[in-house]
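Worksheet: the structure to be examined is printed underneath.
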Amino acid sequence: MKKLARIFIPVLTFALALLSLAGCAERNRADQNADADFSKKGDVLVVYFTWSGHLRSMAHWIADEVGADYARILRKEEYPVSYNETADVAKKEKDENIYPEINLSLSDKEMKRYKTVFVGFPVWWYDVPMPVMTFLKQANLQGKNVYAFFSHEGSSDGAGSLPTLEKLMLAKGAAFDKKTALSVRGSKVKDSETVVREWVKALSK
Ligand SMILES: Cc1cc2nc3c(=O)[nH]c(=O)nc-3n(C[C@H](O)[C@H](O)[C@H](O)COP(=O)(O)O)c2cc1C
């Protein structure tokens, strides 16, 4: 029985991984343009990473609702245009704990005025995409309130991503409660503007 479990559990895990990833296989890589606005002069920053564009919509609704600055995290070396190739590169990064170089680096001085930081990402291989980890690792988040918003194609609870953030935020001295995170299925993002805006409003109550 134990032998069977040793064979079937990894096979089943792999099959489930393929299934959940297949859900977005028809999507295309979004443009690789930088997208940032640091002109709002408030104390809220929205940072996000996206491959096929969902998180860009969510980030913009949040930034607009709060009147916040925002910035897109881009990997310096672009991910492939092909979904499958991107999945392979992302898996290698995660498995080997590679922190890729990114376009966005905010100094302590630049981070100082923000009290609240929203972090948006697609769930990748049941976790936070490594370019987001690069940003979070280098940014000074001491004493800040951090809120996560993410989209997925099945990992509706964020899988390992929220525990990953919880651990990192604790180490960085930021306040983070995984229960406040916003989860939206990728295919529903286009109809989720109200949900996203209501989530932000509820956080500030
Ligand atoms: C490399 C890669 C890995 C993914 N891994 C997962 C996963 O583990 N669980 C899941 O539910 N969705 C997974 N997805 C689907 C994305 O999370 C989902 O399509 C998301 O809405 C994409 O957001 P975006 O348009 O901002 O890139 C993955 C997508 C890619 C490209």
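Quick look at the values:
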read-out: Cross-link pairs Lys41/Lys115; Lys40/Lys137; Lys94/Lys115 - those with Cα-Cα distance over 19 Å; value: Lys40/Lys137; Lys94/Lys115
read-out: Calculated P(r) tail over 17 Å for the range 125-205, as whole % of Cα pairs; value: 50
read-out: Helix 193-203 axis, angle to the chain major axis (alpha carbon atoms, nearest 10°); value: 60
read-out: Selection from Phe118, Tyr70, Gln142 lying farthest towards where the dipole of the chain points positive, charges on Cβ; value: Gln142
read-out: Counting DSSP beta bridges with both ends in the chain, the antiparallel % (nearest 5); value: 15
read-out: Loop GluC sites (Glu not before Pro), the range 99-205, which have at most 16 other Cβ atoms in a 10 Å radius of their Cβ (DSSP); value: Glu101
read-out: Percentage, to the nearest whole number, of Cα pairs in the range 68-205 over 26 Å apart; value: 22
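Every number in this text was worked out from the coordinates using simple rules, so none of it is lab data. All values derive from a computational prediction rather than experimental measurement. Glycine also receives a Cβ, built like all others from the backbone with ideal geometry; neighbour counts cover every protein chain displayed.
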